[in-house]
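The values are calculated or read from the model by the stated rules, or taken from the named source; none is laboratory data. None of these values were measured; they are calculated from a predicted model. Cβ coordinates were reconstructed from backbone atoms using ideal geometry, including for glycine residues, and neighbour counts include every protein chain displayed.
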Amino acid sequence: MAEITVTVDGVNYEDHVEPRMLLVHYLREIVGKTGTPIGCDTSNCGACTVLMDGQSVKSCAVLAVQADGTQITTIEGMANGALHPLQRAFHEEHALQCGYCTPGMIMAASDLLRENPHPTDTEIREGLEGNLCRCTGYENIVRAVRRAAQAGVSE
Amino acid sequence: MTAQTEVVQAPAPELGRARLRKEDARLITGQTNWTDNIRLPGMLHIAFLRSPFAHARITSVDVSAARDEPGVIAAYSGADFAAEQGSLPCAWPVTPDIVIPAHPPMATDEVRYVGEAVACVVARDRYAAADALAAIEIDYEPLPPVLDIRTALDESSPKVHEAGNLSYDFLFAQGDMDTAFHDAPIVLERTYRQQRLIPAAMEPRSVVCSCVGGEFTLWSATQIPHVLRVMLALVTGIPEQNLRVIAPDVGGGFGSKLQVTAEEVLAVLIARKLGRPVKWTESRSEGNMTVHHGRDQWQQLRLAADADGRIRGLEVDLLADMGAYLMLVTPGVPVLGAFMFPAIYKMDAYSFRCRGVFSTKMPTDAYRGAGRPEATFAIERLMDELGVELGLDPLEIRERNWIKHEEFPFTTVAGLTYDSGNYEAATAKAKELFGYDALRREQQERRESGDPVQLGLGVSTFTEMCGLAPSRVLGSLAYGAGGWEQASIRMLPTGKVEVVTGSSAHGQGHETAWSQIVADQLGVPFEDIRVLHGDTQVSPRGMDTYGSRSLAVGGMALVMACDKVVEKARAIAAGMLEVSAADLEWTPGRWAVRGDPDKGVTIAEIALATFAAHALPDGVEPSIDADATYDPDNFSFPHGTHLCATEVDTETGFVKIRSYVAVDDIGKIVNPMIVEGQVHGGLAQGIAQALYEEAVYDDDGNLVTSTLADYLIPSASDLPSYVTGRTESPAANRLGVKGVGEAGTIASTPAVVNAIVDALRPFGINDITMPCTPERVWRAIQAARGGDQASAAEQHEARQSDQTQGNSPRGVTPGSGEAQQTGGTA
Ligand code: FES
Ligand code: FES
């Protein structure tokens with residue numbers, strides 16, 4: 001067992017974890033952040049995407065011990081009193097159906113807009129390549145990210 | 001109690017409004033209730049050990065060592081369940097002499113596909129359960145696999161089941177085929193391949209079961225909580241009244257969660273054995289192997305036509321891969337397609353044969369479209385071939401054969417009566433949005449200039465049957481249940497409304513669309529309505545969600561229940577207003593005295609008066625709640641014209657979709673935003689079949705595409721942007737609605753493949769086997785160019801061992817190409 005200190009959505013946690021425990025399992029099972037789902041076991045789907053010190057990571061591809069000393073933001077930490085502009089844009093553009101990919105999409109999109117506040121549609125599509133959605137055909141996800149960008153999400 | 005209310009302006013109709021979805025609030029904030037989120041006190045975790053062999057006899061199983069592993073509570077083999085596990089149900093015996101082999105949830109003496117469960121461990125956490133699997137000892141005696149259904153019916157083939165490899169032989173014929181084919185000026189013969197697909201909903205399956213005092217609650221990521229409850233009761237013998245099934249938020253289904261699974265049954269049995277709650281959540285690789293697959297047919301087609309292109313007859317001969325067992329509706333899926341091969345076309349005669357064949361692979365079953373995409377693909381590919389034969393534009397040959405808009409209602413040669421449609425209108429609109437004529441000119445220019453990037457235009461003028469289904473028709477097809485749907489309206493004392501639907505949503509937006517329908521019917525605000533579903537205790541009756549049935553059937557049940565509420569409210573309003581019920585007039589939301597509209601009561605006031613029940617007329621029960629069950633008397637028939645332009649790089653084989661126009665006629669629209677989303681998602685899945693996806697087994701029967709690294713679900717950068725449009729021929733039901741869940745998937749696959757083949761016609765190519773990967777396209781071009789002997793030989797080989805080829809991880813393409821140039825004119 002290893003001891004780790006992690007800040008998740010603004011709250012400090014100190015825990016003992018098995019060295020092999022994945023960050024996503026730590027978040028879901030130890031911290032109780034079930035807003036971050038798991039869609040695969042090969043780091044292909046992006047459903048588990050969170051921000052680690054501001055950068056998007058697939059939390060199934062990171063060990064909990066590697067998150068020691070970092071700040072993690074999950075979908076549950078995005079709304080700050082009001083919905084985050086990306087959350088609002090996903091709602092308004094109907095960018096989700098079943099919603100299983102949505103937490104990861106929103107987290108990946110927030111990192112995308114941080115790096116490139118005014119992406120073209122092609123840049124959005126390429127930037128979200130690591131996040132799979134089986135329901136929407138992506139069209140409305142692209143629209144939502146574009147809308148959030150226009151609303152100035154990165155500012 | 002007041003009997004006077006202000007006359008309120010009737011609210012704007014909800015039907016047709018792009019209401020934002022109610023369900024989003026929890027989905028965008030991470031507050032969703034997925035099955036895998038559930039944690040019950042004392043809950044244990046199950047891990048399954050699965051067969052590494054496609055076909056083998058189990059000679060011994062020893063789980064005792066696993067029981068000694070840390071944190072392990074129990075370990076079981078199939079023998080431990082033998083007395084109680086029964087057989088997983090098949091509800092669709094399509095012929096009287098169909099072979100339905102026993103299908104124990106956990107294998108006891110023989111395994112028939114890689115991934116079949118053979119033992120399990122129950123432990124304190126999922127890690128401990130997974131670790132302990134290694135301590136289980138199993139001996140197998142390998143048996144020969146059966147991997148190609150084209151040879152599985154040969155005498156010499158090894159057998160999947162003792163009874164042989166043929167499950168059923170379904171025949172349907174209408175009209176005189178001999179006359180149709182005799183002396184026909186044109187006879188086309190083609191063989192098409194519908195590759196095997198993995199539905200791959202983003203949420204993996206997950207099951208939680210608790211057993212308290214003999215009462216079971218099962219949470220499952222399922223599309224069918226109601227059907228599942230009945231089936232679990234029948235399989236396990238647990239009295240139905242002691243079983244509650246809950247489908248919490250479900251992360252997509254596409255047919256894959258229309259199933260009664262081994263893991264669900266075993267979770268119930270284990271919870272019963274241990275008296276403790278248990279959970280199982282699959283990994284993606286486990287899911288790719290063991291969630292039922294879709295499609296997988298070989299389609300042999302013959303079409304006879306007159307010299308002007310008029311179709312005389314169509315003969316369809318299918319081999320459909322059932323996989324190792326028949327699951328819930330496995331045999332019915334290709335048979336459902338039987339009614340769709342004639343599609344929108346008139347013809348004198350039609351014959352359909354489908355043989356369901358066993359193999360040592362994961363069973364197939366419903367996947368978005370279920371039988372209809374397969375049929376639509378075949379006929380729409382064939383119509384292009386017929387056009388080429390006659391030198392006619394693909395739209396022209398279709399128009400010569402399709403049912404004219406003034407001919408509706410029209411009974412097709414397959415026996416379906418299409419209530420409405422207008423193929424001319426949808427096609428005209430699609431052509432305009434697409435810029436058809438200009439693209440044809442560009443195609444011609446590129447052909448003439450020998451451009452290495454050729455342009456192809458693909459057409460799909462599809463229809464489908466949905467709104468499953470009239471119970472009588474299902475009965476005549478030997479389906480094991482009805483096709484009705486249930487709705488309940490509960491009028492709360494504060495004027496708010498609870499709507500209970502038997503249609504269990506998993507991404508379709510029922511909570512929003514159902515609110516819109518009820519708001520219009522009862523004249524209550526959209527915001528005041530709450531829709532409940534997916535829990536057999538809350539919603540005791542239902543047939544669930546599949547086959548694009550929710551709106552056309554479940555929506556109609558809502559309307560009928562609302563009618564009853566309004567009628568019951570009338571009697572109470574009459575008492576409140578002290579007039580005769582016959583003198584009242586309903587405008588949505590309010591009963592008022594005819595000729596004196598100021599004198600009236602709102603539905604909310606009536607609800608409160610009903611709750612108090614102080615002054616109800618004699619003999620009137622103190623409730624205006626109502627239930628209704630709707631059984632449709634026909635299917636609904638969405639249709640549309642989809643046009644796809646592809647740029648095919650003849651040097652690399654790379655296919656780029658340049659534009660895609662989908663004009664759909666799905667009747668009246670409840671929520672255009674949701675409709676458009678369904679079309680987009682459907683298109684993506686149909687395009688994925690055309691270009692990317694295939695479940696591939698190797699020569700030993702191992703699933704090669706068991707991860708999302710190998711099974712290519714397209715990402716945002718792999719797909720185009722879509723142009724959507726609509727025409728509207730209302731269906732014959734009161735809402736005028738048809739259904740839209742599967743249309744995009746059914747229509748798009750042939751549109752894309754037709755476009756690719758159209759681009760390559762000048763090379764003499766008339767087919768590319770799906771998925772049309774760059775390598776397959778490139779090889780087809782090479783072979784057509786006269787190619788070298790080696791590539792021709794490779795192709796031949798590829799055709800012999802089709803099931804081992806296919807898609808591959810991004811960037812690597814070891815699949816083999818296949819150009820079909822056989823078949824022709826008689
Ligand atoms: S669960 Fe992490 S990428 Fe799929
Ligand atoms: S909304 Fe269902 S997977 Fe994206």
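Looking across segment A:41-59, the residues that are assigned to a loop (DSSP other than H, G, I, E, B) and away from ligand 2 (no atom under 16 Å from the Cβ) come down to A:ASP41, A:THR42, A:SER43, A:ASP53, A:GLY54, A:SER59.
Of the residues making up segment A:37-53, at least one is farther than 30 Å from B:GLY677 by Cα and either touching a residue at least 12 places away in the same chain (Cβ under 8 Å) or within 12 Å of chain B (Cβ to nearest Cβ) (or both).
Between a first residue in segment B:71-86 that is closer than 12 Å to B:VAL61 by Cβ and aliphatic (A, V, I, L, M) and a second residue that is surrounded by fewer than 20 Cβ atoms within 10 Å (Cβ to Cβ) and at pLDDT 95 or above, which pairs have beta carbons less than 7 Å apart while being 6 or more apart in sequence or on different chains? As it stands, the answer is B:ALA75/B:ARG67; B:ALA79/B:THR108; B:ALA82/B:THR108, since those pairs meet every condition given. When segment B:531-551 is filtered for residues that are in contact with a Pro (Cβ under 9 Å, 6 or more places away or on another chain) and over 17 Å from B:SER256 (Cα atoms), the ones remaining, listed by number, are B:HIS533, B:ASP535, B:THR536, B:SER539, B:GLY542.
For A:ARG88, the stated conditions hold: it is within 13 Å of chain B (Cβ to nearest Cβ), in contact with a helix residue (DSSP H, G or I) (Cβ under 9 Å, 6 or more places away or on another chain), modelled with pLDDT of 95 or more and over 19 Å from B:HIS680 (Cβ atoms). What are the residues in segment B:515-537 that are under 25 Å from the mean Cα position of the chain (by Cα) and either at pLDDT below 95 or of a type outside the set (A, V, I, L, M, F, W, C) (or both), if any? If the condition is that a residue be under 25 Å from the mean Cα position of the chain (by Cα) and either at pLDDT below 95 or of a type outside the set (A, V, I, L, M, F, W, C) (or both), then B:SER515, B:GLN516, B:HIS533, B:GLY534, B:ASP535, B:THR536 are the ones that fit. Every condition in (1) more than 14 Å from ligand 2 (Cβ to nearest atom); (2) touching a Pro at 6+ places or on another chain (Cβ under 9 Å); (3) outside any helix (DSSP H, G or I) is met by A:ARG134 except one, and the failing one is (1). If you filter segment B:491-508 down to residues that are within 16 Å of the chain's Cα centre (by Cα) and among the small types (Gly, Ala, Ser), you find that the one that is nearest to ligand 2 (Cβ to nearest atom) is B:GLY507.
One residue is enough: does segment A:109-129 have a residue meeting the conditions outside the structural domain of A:PRO37 (by TED's automatic domain parsing), crowded, with 22+ Cβ neighbours inside 10 Å and part of a loop (DSSP other than H, G, I, E, B)? Scanning segment A:109-129, I find at least one residue that is outside the structural domain of A:PRO37 (by TED's automatic domain parsing), crowded, with 22+ Cβ neighbours inside 10 Å and part of a loop (DSSP other than H, G, I, E, B), so the answer is yes.
Matching residues to (1) more than 16 Å from B:PRO363 (Cβ to Cβ); (2) crowded, with 24+ Cβ neighbours inside 10 Å:
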residue: B:GLY253; (1), (2): yes, yes
residue: B:GLN259; (1), (2): no, yes
residue: B:LEU274; (1), (2): yes, no
residue: B:SER285; (1), (2): yes, no
residue: B:MET289; (1), (2): no, yes
residue: B:GLY294; (1), (2): no, yes
residue: B:ASP306; (1), (2): yes, no
residue: B:LEU319; (1), (2): no, no
residue: B:TYR325; (1), (2): no, yes
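Entry remark, segment A:126-145: residues being among the polar types (S, T, N, Q) and more than 21 Å from B:TYR711 (Cβ to Cβ) number 1 in total.
What are the residue pairs meeting all of these: first residue in segment A:130-147, first residue of a type outside the set (Ser, Thr, Tyr), second residue more than 16 Å from ligand 1 (Cβ to nearest atom) and modelled with pLDDT under 95, Cβ atoms under 6 Å, and 6 or more apart or on different chains? If the second residue must be more than 16 Å from ligand 1 (Cβ to nearest atom) and modelled with pLDDT under 95, the pairs left are A:CYS135/B:GLY507. If the condition is being surrounded by fewer than 24 Cβ atoms within 10 Å (Cβ to Cβ), within 19 Å of B:HIS45 (Cα to Cα) and in contact with a Ser or Thr (Cβ under 9 Å, 6 or more places away or on another chain), then segment B:207-245 contributes B:SER210, B:CYS211, B:PHE216, B:THR217. Among residues of segment B:653-688 being touching a Pro at 6+ places or on another chain (Cβ under 6 Å) and more than 14 Å from chain A (Cβ to nearest Cβ), the one that is farthest from B:LEU455 (Cα to Cα) is B:LYS668. Can A:GLY130 be described as under 22 Å from B:GLU23 (Cβ atoms), touching a strand residue (DSSP E or B) at 6+ places or on another chain (Cβ under 9 Å) and more than 7 Å from every other protein chain (Cβ to nearest Cβ)? So A:GLY130 fails the test. Among the numbered conditions (1) of a type in the set (S, T, N, Q); (2) away from ligand 1 (no atom under 16 Å from the Cβ); (3) within 21 Å of A:VAL31 (Cα to Cα), the only one that A:GLN150 does not meet is (3). Taken over segment A:60-86, the criterion of being in a helix (DSSP H, G or I) and of a type outside the set (D, E, K, R) is satisfied by A:ALA64, A:VAL65, A:GLN66, A:ALA67, A:ILE75, A:GLY77, A:PRO85, A:LEU86. Could you tell me whether A:TYR100 is closer than 23 Å to B:GLN678 by Cβ, within 14 Å of ligand 1 (Cβ to nearest atom), within 11 Å of chain B (Cβ to nearest Cβ) and aromatic (Phe, Trp, Tyr)? Yes, satisfied. The set of residues from segment B:689-714 being over 13 Å from A:CYS40 (Cβ atoms) and facing chain A (nearest Cβ under 9 Å) comprises just one member, B:PRO714.
Is one or more of the residues making up segment B:670-681 more than 16 Å from ligand 2 (Cβ to nearest atom) and in a loop (DSSP other than H, G, I, E, B)? Yes, because at least one residue in segment B:670-681 is more than 16 Å from ligand 2 (Cβ to nearest atom) and in a loop (DSSP other than H, G, I, E, B). Looking across B:SER504, B:SER548, B:SER515, one residue alone is within 23 Å of B:ALA607 (Cβ to Cβ), of a type in the set (S, T, N, Q) and in contact (Cβ under 8 Å) with a residue 24 or more places away in the chain. It is B:SER515. Evaluated against (1) at pLDDT below 95; (2) within 14 Å of chain A (Cβ to nearest Cβ), B:PRO13 falls short on exactly one condition, (2).
If you go through segment B:208-245 and keep only what is assigned to a strand (DSSP E or B) and either within 16 Å of ligand 1 (Cβ to nearest atom) or within 21 Å of the chain's Cα centre (by Cα) (or both), you end up with just B:SER220. When every residue of segment B:80-91 is checked against the conditions, at least one turns out to be at pLDDT 95 or above, over 26 Å from B:VAL122 (Cα atoms) and in the same structural domain as B:TRP219 (by TED's automatic domain parsing). Residues that are over 29 Å from A:TYR13 (Cα atoms), among the basic types (Lys, Arg) and either surrounded by 22 or more Cβ atoms within 10 Å (Cβ to Cβ) or within 11 Å of another protein chain (Cβ to nearest Cβ) (or both) do not occur anywhere in segment A:56-75.
Against the numbered list (1) within 16 Å of ligand 1 (Cβ to nearest atom); (2) under 21 Å from B:THR364 (Cα atoms), B:GLN195 comes up short only at (1). Going by the conditions given, is A:HIS84 away from ligand 1 (no atom under 16 Å from the Cβ) and either buried (at least 20 other Cβ atoms within 10 Å of the Cβ) or within 30 Å of A:ARG143 (Cα to Cα) (or both)? Yes; evaluated as a whole, the condition is true for this residue. Here B:PRO93 clears all of (1) more than 14 Å from chain A (Cβ to nearest Cβ); (2) assigned to a loop (DSSP other than H, G, I, E, B); (3) surrounded by fewer than 18 Cβ atoms within 10 Å (Cβ to Cβ) except the condition numbered (3).
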